[in-house]
Each structure stands twice: as structure tokens, then as C-alpha cells.
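Step one of this worksheet: look at the structure below.
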Amino acid sequence: MQRIYVDIDDVLSQTALAFTRILEESFGKRVGLEEITSFDLSVSFDLGPEELDAFMLEAHRPERLMEIEPMEGAVPVLDRWSERGWLIDVLTGRPPASTEVTRAWLDRHLVPHRELFFVDKYTRYDEAAWDGHGRVLQLEELHGDRYDLVVEDSLKTASYLAENTTARILLVDKPWNRDVSALPQPTVARLERCRDWTEIATFVP
Ligand SMILES: [Mg+2]
């Protein structure tokens, strides 16, 4: 039995693609997926602080989150893992206010999972974020051997988990996670880079 950690945005869902569409519609800016070389959207989308706030507000509207397309091949692979009796938890760094729509999206696309957890992956939340939306997990709570396999696209989160857990770390290759020059070599060595879900499936026997 394997215990699996799966991220949502740009692992289960084509979030960056949806975001570039919103950027074009709402801000008249065209940015290609390959140009998103920074996880920081103020950099990749060249937005000032107020523009970024407005963009994030628009991008996190429930209708917007709901229309994001699933990543090709993800659900069939998770179905196979689930049929083997493996436990799949979905762990997202989204704002906890998106709990309801995130659950609805996972249901709509029949994503097999045991639990959905909101994790403070980017140290964004203070106590206020806990208010009314249940508890947000801290990264420290994932230390150790809670999961056997992690599927992430955030370099920061993946490298943190590589350094603090025993899980195998599959890093879904994206333009924003390719620069690993700031990481220690043993951490980089723990990251298994995969192109897509077809490749992820072949990585896991
Ligand atoms: Mg992600």
C-alpha cells in the first residue's frame, strides 16, 4: 500500500493555462506557458502589486476555478492507484476560502481521493486564514514518513519535502521549476523530474 500526496494546481489541473487566459481577457496581456519561468506571478505576468491583487481576486473566483481543465491523464492514473488500494490525499496551497469550489471541482472530475488538505505551502497565512475554513496544515506537519510518494510542481514545496520527509518526490516539469541552482545537490538528487502523467505512471511500478 502506498500513501500518495498529490498537488492540484498544474499537477491535477491546467491552472497556469487558465491563468494566462484570464490575464489576456482581463489585462490584455499575452504570456505563453513557456514564459512562466517564475512561480511569482508578479514577475512572470509583469504585474504591479495592485494589478496582482486584482488578478488573484479574479482568478480565484469560484466560476474561474471551476472552469480549469484537468491535466491530461491524471485521473486515469489515480484511478489505477486507487484500485490497488493506495491512499490518495490531495494537498493544495490554494487559499482556504476556495475549499467549497475545490471540493466541487474534484467531484466534477471524479478525482479519487481520501482527503483534501489545505497546506500553508508558501507561508502566506496567519491565524486569520483559519477562521471559518477549517485548519490549514503547516508544512512541518508533513515531516517524516506520512507519505510514500509526492507529486508536486512547486520547487519550493518539493525541495522542502525532499529535505524533511522520506517520500519519493516526483516533480512535474514546468518552466517555473527548472532553475535548481539555488538548491543543495543532495536535495536536487531527491527530485525525480517527470514530464506528464504518462511518465509519472511509468515511474511508479
Ligand atoms: Mg501546484
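The values are calculated or read from the model by the stated rules, or taken from the named source; none is laboratory data. This structure is a prediction, so every number in the text was calculated from the model and none was measured. Note: ideal-geometry Cβ built from the backbone for every residue, glycine included; neighbour counts use all protein chains shown.
Structure above, values below:
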{"item": "Residue pairs meeting the criteria (Cβ under 9 Å; at least 6 apart or on separate chains; first small (Gly, Ala, Ser), in the stretch 71-84; second surrounded by fewer than 14 Cβ atoms within 10 Å (Cβ to Cβ) and part of a helix (DSSP H, G or I))", "result": "GLY73/THR198"}
{"item": "Count - residues of the stretch 8-34 that are free of Cβ contacts under 8 Å to residues at least 24 places away in the same chain and not in a helix (DSSP H, G or I)", "result": "5"}
{"item": "Failed condition for SER13, given (1) hydroxyl-bearing (Ser, Thr, Tyr); (2) modelled with pLDDT of 95 or more; (3) over 25 Å from VAL111 (Cα atoms)", "result": "(3)"}
{"item": "Conditions (1) away from the ligand (no atom under 16 Å from the Cβ); (2) out of contact with any Lys or Arg (no Cβ under 8 Å at 6 or more places or on another chain); (3) not in a helix (DSSP H, G or I): number failed by ASP46", "result": "(2)"}
{"item": "Residue identified as at pLDDT below 95 and either surrounded by 12 or more Cβ atoms within 10 Å (Cβ to Cβ) or at negative phi (or both) among ALA189, ALA97, ALA182", "result": "ALA97"}
{"item": "Boolean, ASP10 is buried (at least 19 other Cβ atoms within 10 Å of the Cβ) and of a type outside the set (A, V, I, L, M)", "result": "yes"}
